[in-house]
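Student: Right, I'll just put the structure down here and ask away after.
The values are calculated or read from the model by the stated rules, or taken from the named source; none is laboratory data. Please read all numbers here as calculations on a predicted model, not as lab measurements. Note that each Cβ is placed from the backbone with ideal geometry, even for glycine, and that neighbours are counted across all protein chains shown.
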Amino acid sequence: MPQPSTTPSERHERGAHETSLRAAGRWARRGWTVTTALLVLLLMGNAFASFRGSHLAVPGLNRGQADLLGAGLWEMLATPSTVSDDVRLASFLRSHQRRGLRYIALVDGDGRVRASAGNALGDGPPPAHDPISDRIPLVPVGQRMRAYFPEPISPAPAPARPSYMVIEFEPVAAVRLVRNARRSFVLSVTGALVLAVAAWVFFRTSIRYDDARLQIEQQRHLTQLGEMSAVLAHEIRNPLASLKGHAQLAVERLADGSREKRCIEHVIADANRLEMLTTDLLSFARTAPLDVAPVSPVELVRMAGHDVLGDASLALEAEDAPASWPMDGARVRQALVNLLDNARQAAPGAPPVVRVAQQGSRLVIEVRDNGPGLPPGSEERIFDAFFTTRTNGTGLGLAVASRVAEQHGGAITARNDPAGGAVFRMIIPHPER
């Protein structure tokens, strides 16, 4: 007879290996998340510091631009020439337009403009001079800066020189710096957001990958288990049928009430139990394609109820049930038989309540028993093969029902009802919706 493919120690090692893989995956995801968060914070911090630094550098850049323009202008005016100041100023303005210069004026001590070039946006005398900083006054005028330069020390007679000079310029260097800083800030923030989104996608993908890998591993073990179960069931079924047949023939020839007849009846009962186990094993290992056809779900529930409860009444709620639903009627009936039998064993004296309804593109069948409910923590494990909370259970009934639902693209969930008992919810989606 074929032996089980895994021993308890091997199953323990496999469980420990899966646990270690899950733990390693969790630590890898945590490390990636922390590293990504630090990178995002560094990018954001660097971008903000650069952007703020560019704004802090604007006054210095404007003053430097004004100093360069003023120094060049004073140098030109200090050079002797027979050309008028208006012509010289216009020539200097044209040659420095690319540097942002837009207006020049030479002003006498009484505020009269002696010579000018360009169009002014501002007007008025210079603001009070700061003797501490000894800087030239800068006044913002629209998108320009207006700078006032006092008369430099010169050997020329005082009336021949202006009292101060005024220039207006566009702060091209500062604007360029702020524009580049803003572009860098936007790019850094965008990169940080992309990195954060990529980290989140990787995080979710990693979780789904680990879950899928474990599911594939579990499915592989279930496949091996199903193949082993099918072999065992076939190997046991023929000798069991022969044993049961001979026992039934023997019990008919024994006197009623005799000790021998009672022993043979126990043999027949155990043979029936083994026959049910082999049937469950074959149902669990069944991999043939589904025979999908329109079937009345209400009629299936009634037939399954008769299989389990006989003539006993079955509480059925079918107001929202569809007239038919495409599915493999034989397999769904077997799943319902298992669910109803589980409910009957949970509360032998009270019939289960079954609700059949259509919810959108899904068929929902709920089986509620009147038993003590599910033990804490067993809501997921009860659908595992060979897991049972009963001393005489095989642990295959709910596993077969869950497998039938999964073969139809659905699932079965279990929960405790607030009013008492357990509720098993089987969902079968419509294959064409």
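Student: Determine, yes or no, whether A47 is crowded, with 18+ Cβ neighbours inside 10 Å and over 30 Å from V194 (Cβ atoms).
Tutor: Taking the combined requirement at face value, the residue does not satisfy it.
Student: Here's another thing I want to ask about it. Mind listing just one residue for me: the one in region 210-231 that is loosely packed, with under 13 Cβ neighbours inside 10 Å and β-branched (V, I, T) and, of those, modelled with the highest pLDDT?
Tutor: Among residues in region 210-231 that are loosely packed, with under 13 Cβ neighbours inside 10 Å and β-branched (V, I, T), the one modelled with the highest pLDDT is I216.
Student: Looking at region 232-272, which of its residues are of a type in the set (D, E) and modelled with pLDDT under 75?
Tutor: E235 - this is the single residue of region 232-272 that is of a type in the set (D, E) and modelled with pLDDT under 75.
Student: Residues that are within 24 Å of R176 (Cβ to Cβ), charged (D, E, K, R) and at pLDDT 90 or above: does region 122-143 have at least one?
Tutor: Checked against the condition, which is being within 24 Å of R176 (Cβ to Cβ), charged (D, E, K, R) and at pLDDT 90 or above, region 122-143 yields no hits at all.
Student: Here is a list: G64, G142. Which entry is touching a residue at least 12 places away in the same chain (Cβ under 8 Å) and at negative phi?
Tutor: Only one candidate qualifies: G64.
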